[in-house]
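Here the structure comes first, spelled out in structure tokens, and everything after it is commentary.
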Amino acid sequence: MGDFNQRVVLDRIRRAAHGVSRVELAASTELSLQTISNIVTRLLSRGLVVEGERKAEGRGKPRTMLHLDPRGAHALGVHVDPVVVTAVLTDLDGAVLQRRTLPTPVGPDALVSAVATTTRELLDAAGIEPAGVLGLGVAAPGPIDMSAGRVIHPPLLEGWSDVPLRDALARATGLDVLLEKDVSAAMVAELWRGNRMLRGTSLFFSMGFGVAAAVAHEGELFAGTSRNAGEVGHLIVDPDGPSCDCGHRGCIGVSAAPATLVRDAVDRGLLDPGTPRVTPRELDAALTRVCRLAGAGDRSAGDVLRTSARRVARGITIVADLVDADVVVFGGPSWSRLAPFYVPVVRAELAAHATLREMHPVEVLESAVGDDVGAVGAASLVLDDAFAPRPSGLVGATGVVQP
């Protein structure tokens, strides 16, 4: 309990935009002033917080304000995407200190070797020894066997099937490793970096080579029985929509897939029929061309994206109603290109058709972290596991392996 109280106090200090005094901490946590004093002393000695300015309030003695010291801890995060691997080094506040990207290597062995090299480069560039980081978080496409640390069969990753990624990276890097689904890691990044999703029920939708969702309630990620909650890819949103590998039509995943959008663009004559689109990298480049055409005002290209947006919006409305969400956040590898066309459609759909719209509005937001939300989320998993007050233990309770 003492450790839990320490996490609570650190969290309050971290989230106080302008600092917080010991007296204010005692009032907000309902801990005694002596307990707060003891905890703050420990946090100061560990270099996690610092004392700042003295603030006078009324007639009382000026109070010393406490602030997080971002230099007090560091974490590494890696996001494995079919096109690019992104690696970051963050401070205790989740801010990115160093960043590297590289084309996704073919096969898990090559990826493990590349990640080991890249993480060493990040630490060398920052002048930080491996012992100075809490660990390495890894965000990968699901499903994932969390207890065994194995990536089962990620889509579009050639040569991947039941890969013991967590243990392999622990051996290669010499670091403690935490493995998580990429969309869940992204949600943790949003929770760690801001305050807007700490109350109520929030959804994070990741847009990449498929669609996945994560749910948080009162600031805690809902992980599910096997910690794979959020697999919404086969939610049918248009019975007359594109064919899916599952045998149905109009699943939300295939409706937003780059392969579908690129095919539609080819069918409309926006792209040449010979446009390379076999590999994830080729599809990603072709999708970028479609988005640029739409951004330049090409009506047909805009229709391709808006048709997909309408289908996705229907699915989001269903899921938002299911969990009674009041916030929907978008992010992921494809999101920044799709956002200008998706956001208005999704907002209109929720406002017009969400069953619970008369009870409360559903706010549609873009990621506060940006394009690197997967990698930052992976690092945030490590920080969350070490410092966040999580009485239910849904995040970071399992899946850590030491080298």
Any residue at all in region 100-122 that's open to solvent by less than 20 Å² (accessible area, probe 1.4 Å), of a type outside the set (A, V, I, L, M, F, W, C) and over 22 Å from PRO164 (Cα atoms)? no
Selection within region 348-392 - in contact (Cβ under 8 Å) with a residue 60 or more places away in the chain, hydroxyl-bearing (Ser, Thr, Tyr) and either touching a helix residue (DSSP H, G or I) at 6+ places or on another chain (Cβ under 9 Å) or surrounded by 15 or more Cβ atoms within 10 Å (Cβ to Cβ) (or both): SER367, SER380
Could you tell me which of the residues VAL83, VAL88 is open to solvent by less than 50 Å² (accessible area, probe 1.4 Å), modelled with pLDDT under 95 and either under 17 Å from ALA185 (Cβ atoms) or β-branched (Val, Ile, Thr) (or both)? VAL83
Look through region 1-45, keep the residues that are under 13 Å from LEU66 (Cβ atoms) and in a loop (DSSP other than H, G, I, E, B), and return whichever of them is most open to solvent (accessible area, probe 1.4 Å). HIS18
Would you check if SER255 is among the hydroxyl-bearing types (Ser, Thr, Tyr) and farther than 15 Å from SER308 by Cβ? no
List the pairs whose first member sits in region 264-291 and is without any contact (Cβ under 8 Å) to a residue 60 or more places away in the chain, whose second member is among the polar types (S, T, N, Q) and open to solvent by less than 80 Å² (accessible area, probe 1.4 Å), and whose Cβ atoms are under 7 Å apart, counting only residues at least 6 apart or on separate chains? VAL266/THR275; ARG268/SER300; LEU270/SER300; ALA286/THR275; LEU287/SER334
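Conditions tested, residue by residue: (1) open to solvent by less than 20 Å² (accessible area, probe 1.4 Å); (2) touching a Ser or Thr at 6+ places or on another chain (Cβ under 8 Å); (3) under 30 Å from ARG12 (Cα atoms).
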{"position": "VAL215", "(1), (2), (3)": "no, yes, yes"}
{"position": "ALA257", "(1), (2), (3)": "yes, no, no"}
{"position": "GLY295", "(1), (2), (3)": "no, no, no"}
{"position": "LEU305", "(1), (2), (3)": "yes, no, no"}
Quick check on this structure: which one of ASP284, ASP238 is open to solvent by 30 Å² or more (accessible area, probe 1.4 Å) and acidic (Asp, Glu)? ASP284
What are the pairs with Cβ atoms under 7 angstrom where one residue, in region 30-55, is more than 26 Å from LEU134 (Cα to Cα) and in contact (Cβ under 8 Å) with a residue 12 or more places away in the chain and the other, located anywhere, is open to solvent by less than 60 Å² (accessible area, probe 1.4 Å) and of a type in the set (A, V, I, L, M, F, W, C)? Sequence gap at least six, or different chains. GLU53/MET65; LYS55/MET65
Which members of region 75-104 meet the condition of being in a loop (DSSP other than H, G, I, E, B) and farther than 16 Å from ASP284 by Cα? LEU92, ASP93, GLY94, ALA95
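The values are calculated or read from the model by the stated rules, or taken from the named source; none is laboratory data. Since the structure is predicted, the reported quantities are computational estimates derived from the model, not experimental observations. Every residue, glycine among them, receives a Cβ derived from its backbone with ideal geometry; neighbour counts consider all protein chains shown. These accessible areas exclude ligands, DNA and RNA; they are computed on the full protein's heavy atoms, side chains included. Shrake-Rupley method; radii C 1.70, N 1.55, O 1.52, S 1.80 Å.
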